[in-house]
Structures are given as C-alpha cells and as structure tokens.
C-alpha cells in the first residue's frame, strides 16, 4: 500500500512539473514576443506619437506575467510544493492588520 501511494504521489508530481513547464514555455514565449515588438516599435521616432501602443504592450506583459505566476503557483501548491515569500507574507499581514483597524503608525 505505501508503495502504491508513493507511485501516485510521484505521478501527481510528474504531472504538475509537466504542467508548469508547459505554462512557463507558453507564457514566457508570449512575453518575449510582445517585449520584442515593443522594443522594435520604439526604434522609429514616428512611433512615439502612439505611446499608448507601448503602454498596452507593457500592460499585456504585466498581465500575462501575473497570470502565469498565479498558474504556476497553483500547480506547485497542488502537490505541496508552493513557495511562500516571507517578505510578501509580512506585507500582507501588515495590510490585513491595517485593514482590520490595526496600528496606523
């Protein structure tokens, strides 16, 4: 029975790593492509008349990166391997304390 559980856990871990690899390859390829296009766009003086295009490209990069971060985190957590940034946790705890009427100092 323990061997069967270990085999099941190993399969879940394998699937999570495969999913994380697929997510990261797709997302980072998209991010690189949009960044390359934005950089190319910035090489022409006339294109600076439309800074909204560059802003939209940067917004797209930011959104895709955040979505990928959340997706990869979800996959890692699904097999008990989620990373928790201690600095981020302290900031979230401080925000929660403030939001609930805690210290304002």
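The values are calculated or read from the model by the stated rules, or taken from the named source; none is laboratory data. Since the structure is predicted, the reported quantities are computational estimates derived from the model, not experimental observations. Reconstructed Cβ throughout: ideal geometry from the backbone, glycine too, with neighbour counts over all protein chains shown.
Can you work out which of the residues in the range 34-43 that are in a helix (DSSP H, G or I) and surrounded by fewer than 12 Cβ atoms within 10 Å (Cβ to Cβ) is farthest from the chain's Cα centre (by Cα)?
40
What do you reckon, is residue 68 at pLDDT 95 or above and either under 12 Å from the mean Cα position of the chain (by Cα) or part of a helix (DSSP H, G or I) (or both)?
Here the answer is yes, as residue 68 does meet what is asked.
Could you check residue 46 against (1) at pLDDT below 95; (2) assigned to a helix (DSSP H, G or I); (3) touching a helix residue (DSSP H, G or I) at 6+ places or on another chain (Cβ under 8 Å) and say which number it fails?
Failed condition: (3).
For the range 71-88, name all the residues that are in a helix (DSSP H, G or I), over 13 Å from the mean Cα position of the chain (by Cα) and touching a residue at least 24 places away in the same chain (Cβ under 8 Å).
78
Right, residue 6: part of a helix (DSSP H, G or I) and either surrounded by fewer than 13 Cβ atoms within 10 Å (Cβ to Cβ) or touching a residue at least 60 places away in the same chain (Cβ under 8 Å) (or both) or not?
When the stated conditions are applied, residue 6 passes them.
With assigned to a helix (DSSP H, G or I), within 19 Å of the chain's Cα centre (by Cα) and surrounded by fewer than 14 Cβ atoms within 10 Å (Cβ to Cβ) as the only criterion, which of 16, 22, 57, 27 stands out?
Among 16, 22, 57, 27, only 22 is assigned to a helix (DSSP H, G or I), within 19 Å of the chain's Cα centre (by Cα) and surrounded by fewer than 14 Cβ atoms within 10 Å (Cβ to Cβ).
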